[in-house]
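One structure below.
The values are calculated or read from the model by the stated rules, or taken from the named source; none is laboratory data. All values reported here derive from a predicted model rather than from experimental measurement. A quick note on method: Cβ atoms are made from the backbone with ideal geometry, for glycine too, and the neighbour counts reach across all protein chains shown. When the accessible area is computed, the model is the full protein with side chains, heavy atoms only, and any ligands, DNA or RNA have been set aside. Shrake-Rupley method; radii C 1.70, N 1.55, O 1.52, S 1.80 Å.
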Amino acid sequence: MYKIVRKKELNPTVTLMDIEAPLIAKKAQPGQFIILRVDENGERIPLTVADYDREKGTITIIFQIVGATTEKLNQLNEGEYIQDFVGPLGVASHVEGLKKVAVVGGGVGCAIAYPIAKKLHKLGCEVHSVVGFRNKDLVILEEEFDKVSDKLCVMTDDGSYGEKGLVTDALRKLIESGEEYDEVITIGPLIMMKFVCMLTKEKGIKTVASMNPIMIDGTGMCGGCRLTVGGETKFACVDGPDFDGHLIDFDEAIERSSMYKDFERHAHGEACNLFKKEVK
Amino acid sequence: MPNMSLVKNKMPEQEPNVRNKNFKEVSLGYTEEQAIDEAQRCLNCKHKPCVSGCPVNINIPDFIQQVAQGNFEEAYKIISKSSSLPAVCGRVCPQETQCEQKCVRGIKGEPVAIGRLERFVADWHNAHDDGNVEKPVSNGHKVAIIGAGPAGLACAGDLAKLGYDVTIFEALHLAGGVLVYGIPEFRLPKAIVQKEINTLKAIGVKVETNMVIGKVLTIDELFDDLGFEAVFVGSGAGLPKFMNIPGESLKGVYSANEFLTRTNLMKAYIEGSDTPIQNAKKVAVVGGGNVAMDAARCAKRLGAEDVYIVYRRSEEEMPARLEEVHHAKEEGIIFKMLTNPVEILGDEHKNVSGMKCVEMELGEPDESGRRRPVIKQDSEFVLDVDCVVMSIGTSPNPLIRNTTPGLDTQKWGGLIVDEATGLTSREGVFAGGDAVTGAATVILAMGAGKTAAKAMDEYIKNK
């Protein structure tokens, strides 16, 4: 069992938790993920490590309430326990040697983009962060990003905060204004990453995308997380989760991510009834 | 006077058309009377040919003599000297190619039902067990086992009995390896696996779940920081293989590992499990091994109307156990032999809508000695399915070899070991099971675990 030592609501549908897991905290690197199971009947879900504190022995996770499992997880409070918590899994993001990077995050994906931006900043790299959200209420980690970024663009779809528009609009502006990046790192909804990669391909800038497909074991056994990258089958859990964004077959990944949509909607509905709570 | 019946006592079973709708165990096990009657078929041969067919050398005639006399607990003691998991092996060992194949009674008629008797003895013991075990005296040495599957459990059991302080590190949330994620409940009830693991815990074995060695701790850290003196790697089979034909990324295409893990480990078949599985109506399982049979029989139980086994050679070449093939057929699984998929077809939403196949015929023997299947001209047809399960093998998990310097591997990724001891190219690191051999059987993995346990004991004593 793994103790929840801190819980903080970042916005109405996104929650942060610090989980006591000293061995994992000792090893975790930005870009890696953990797998957790909320309770005995729970499913195994992957969540990318949002932060770690090697001294306190904690791992920070940030999750959006999208289905029954994240709803159940969100019902737990500080001092309570998660059944299973395993990691750090996957290959850490390659950040060494980069001089100037644009980090592009969307929605809850910003939770994963943040530790990478932080690490790059610490290594002396010039970091430009572009973060996008649907509206003002959903903005997360703005202060944190601000501290580790040489430039920060906050975008909202409806213009209720920051600048109105998509992250690709801001990124295009930066590139076209003459900013030269060694690399673009993007994390967020698949559709957003697809368009970021299309833009950077056009501009000839190397781009890494962090993928978060459906997984079960997360250790290279089930093959459920397979993606097509450069025409080859890759497993996100052991080969990734970071891949060359210009080689990923995003359309296939988008289709595959919808495999259990009906089940999730149904289960989520049941969970909501169970907790007698409205979830937006 | 031995019982000279030419046939085995029949195993009581659930009716095929009842059991293919539930996940309860198919075979119900002998009664005491049936077991004694069957045991009396054993001739108690002096040269014990059956023992040489057993990968862990159980003293088979001795335990059977005890059964014949109704001394079931004595029989259990004899088996458990050689096997750490008798209730498991009695169910999943391919006895027909091991002990039973060597049985003298098999020359004329059927061999003694050694597997069924082993199962009976283990179940009898478990039903009458008071839970009291003698904890071995500690010898003060620490050993680590990576992977709580058959190889690791067997190795742990033997070392614990010798007094070692044994810790098993398991990557999943539950110990048992393939016994819990792969082999379905109806063939091996999970309560039995749990019971065997509890027995190991009772003699002092520690099981640490959620520990992915190579990630959270390396083998070097197990030695240097945690004081383990020897390590056994039983990390099992790894990444599933696909055929590399078009359509394998469609929704509704599973590896057998994923399909079985969702069903068994994550209990997708039980109402109330949070893990989803596709509600498929027509399922094709590609492959001819035991895993393919398990996947097909699970699919049927999950409610599929038509379930096909699609295999490119003929039934004769199928690697699955006869008993499994027989059970699958009884349950209504349709066998499409000499058939090979060439493409999986999808609808506009990228869901599986069919599988394009070709018919095959057998040509000249290949390197494996089996006749090579070749495509029959103009034989293409589409099998109407909405789900495809690929059960064509696995390649070893890269996590340990990528994080352990000095560990030599075969080109295909299997760890290289000395066969007599299980020693790898790293001092103090031993290995066995599928991580070494590639996909094989539970009992071979157990045998490898036991071999390594003996060698680890000698290694530590001579250090």
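Can you bin region B:361-420 into rounded, prolate or oblate? Criterion: square roots of the alpha carbon gyration tensor eigenvalues sorted a ≥ b ≥ c, rounded for a/c under 1.5, prolate for a/b above b/c, oblate for the rest. The shape class here is oblate.
Contact order normalised by length for region B:242-392, with contacts defined as Cα pairs under 8 Å and 6 or more residues apart; what percent is it? Mind showing how you got there, number by number?
Numbers: 323 pairs, mean separation 44.9, N = 151.
Value for region B:242-392: 30 percent.
Within a straight-line Cα-Cα reach of under 17 Å, A:LYS173 can be paired with the following aspartates and glutamates, leaving aside sequence neighbours fewer than 8 residues apart in one chain: A:ASP150, A:ASP157, A:GLU163, A:ASP182, A:GLU183, A:GLU202.
Take chain B, drop everything but the C-alpha atoms, weight them equally and run the Debye formula without solvent; then report log10 I(q)/I(0) at 0.09, 0.10, 0.13 Å⁻¹ to two decimals. With one equal scatterer per Cα and no solvent, log10 I(q)/I(0) is -0.63, -0.78, -1.27. Ligands, DNA and RNA left out, the 1.4 Å accessible surface of region A:2-89 is 44% carbon and sulfur atoms. With q set to 0.16, 0.20, 0.22 Å⁻¹, the log10 of I(q)/I(0) for region B:252-296, from the Debye formula over equal scatterers at the Cα positions, is -0.41, -0.64, -0.76.
Tell me the total accessible area that A and B bury against each other, 1.4 angstrom probe, in square angstrom rounded to 100. It would help to have the intermediate numbers written out before the result.
Working: alone 13880 and 20670 Å², together 31080 Å².
Chains A and B together bury roughly 3500 Å² of accessible area.
Taking every DSSP beta bridge that has both residues in chain B, what percent is antiparallel when rounded to the nearest 5?
Details: 19 of 51 bridges.
Just about 35 percent of them are antiparallel.
Applying 1/(1 + (r/R0)^6) with R0 = 45 Å to the Cβ-Cβ distance of B:PHE335 and A:LYS261 gives a FRET efficiency near 0.85. The residues of region B:224-307 expose, per residue, 29 Å² of accessible area to a 1.4 Å probe. A Förster radius of 22 Å combined with the Cβ-Cβ distance from B:ILE203 to B:THR97 puts the calculated FRET efficiency at roughly 0.10. Taking the charge dipole of the protein assembly as shown about its Cα centre, with +1 at Lys and Arg Cβ atoms and -1 at Asp and Glu Cβ atoms, the residue from A:ILE140, B:VAL205, B:VAL137 reaching farthest to the positive side is B:VAL137.
Going through region B:243-316, which GluC sites (Glu not before Pro) have at most 12 other Cβ atoms within 10 Å and a DSSP loop state? Display every interim value, and only then the final one.
Values: sites: B:GLU248, B:GLU258, B:GLU271, B:GLU305, B:GLU315, B:GLU316; in loops: B:GLU248, B:GLU271, B:GLU305.
Loop-located and lightly packed - B:GLU271, B:GLU305.
What separates the Cα centres of region B:31-74 and region B:254-280 is a distance of 39 Å. Extension gain for B:ALA127-B:LEU322 works out to 67.3 nm (0.36 nm per residue, less the C-alpha to C-alpha distance). Of the GluC sites (Glu not before Pro) found in region B:60-144, those in coil by DSSP whose Cβ has at most 11 other Cβ atoms within 10 Å are B:GLU134. A Förster radius of 22 Å, combined with the Cβ-Cβ distance separating B:GLU364 from B:TRP412, puts the computed FRET efficiency at roughly 0.30. Measuring spread by the Cα atoms of the protein assembly as shown yields a radius of gyration and Dmax of 27.6, 98 Å. Summed over the residues of region B:16-128 and divided among them, the accessible surface reaches 42 Å² per residue at a probe radius of 1.4 Å. Under a model in which nothing but the beta-carbon of Lys, Arg (+1) and Asp, Glu (-1) is charged, region B:16-128 shows a dipole of about 340 debye around its Cα centre.
For the pair region B:117-146 / region B:427-442, the C-alpha centres are spaced 23 Å from each other. In terms of accessible area, using a 1.4 Å probe and ignoring ligands and nucleic acids, A:ILE254, A:ILE191 rank largest first as A:ILE191, A:ILE254.
For chain B, what does the relative contact order come out to in percent, with C-alpha contacts under 8 Å and a separation of six or more?
Values: 990 pairs, mean separation 72.1, N = 463.
Contact order relative to length: 16 percent.
Note on A:ASP146 and B:SER52: their simple-model spin labels are 8.2 nm apart, each label 7 Å out from Cα toward Cβ.
DSSP bridge analysis restricted to the protein assembly as shown gives an antiparallel fraction near 50%, rounded to the nearest 5.
Do any trypsin sites (Lys or Arg not before Pro) in region B:375-432 lie in a loop, going by DSSP, with at most 10 other beta-carbon atoms within 10 Å of their beta carbon, and if so which? Intermediate results must be reported in sequence, preceding the final value.
On the way: sites: B:LYS376, B:ARG401, B:LYS411, B:ARG426; in loops: B:LYS376, B:LYS411, B:ARG426.
For trypsin sites (Lys or Arg not before Pro) across region B:375-432 that sit outside H, G, I, E and B with at most 10 neighbouring Cβ atoms in 10 Å, the list reads B:LYS411.
Placing +1 on the Cβ of every Lys and Arg and -1 on the Cβ of every Asp and Glu, with no other charges, gives chain A a dipole of roughly 280 debye about its Cα centre. The accessible-area ordering, largest first, of the residues B:HIS349, B:HIS141, A:HIS94 stands as A:HIS94, B:HIS349, B:HIS141, per a 1.4 angstrom probe. Across chain A, C-alpha contacts under 8 Å between residues 6 or more apart give a mean separation that, scaled by the residue count, equals a relative contact order of 17 percent. A straight Cα-to-Cα reach below 19 Å connects A:LYS3 with the lysines A:LYS26, A:LYS27, A:LYS56, A:LYS72, residues fewer than 8 places away in its own chain not being considered.
Using 0.36 nm times the number of residues separating B:LYS461 and B:ASN3, minus their current alpha carbon distance, what extension gain do you get?
160.1 nm
Taking only protein heavy atoms and a 1.4 Å probe, the accessible area of region A:100-210 is 50% carbon and sulfur. The fraction of accessible area contributed by carbon and sulfur in chain B is 50 percent, rounded to a whole number (1.4 Å probe; ligands and nucleic acids excluded).
Summarising the label geometry, the points placed 7 Å from Cα in the beta-carbon direction at A:ASP53 and A:SER177 lie 3.6 nm from one another.
Counting every Cα pair in region B:375-463, what percent are over 17 Å apart? It would help to have the intermediate numbers written out before the result.
On the way: 2325 of 3916 pairs.
Pairs farther apart than 17 Å: 59 percent.
Would you kindly calculate the translational diffusion coefficient of region B:1-140, applying Stokes-Einstein with the Kirkwood radius from alpha carbon pairs, for 37 °C and a viscosity of 0.692 mPa s, and quote it in µm² s⁻¹ without decimals? Reported coefficient: 209 µm²/s.
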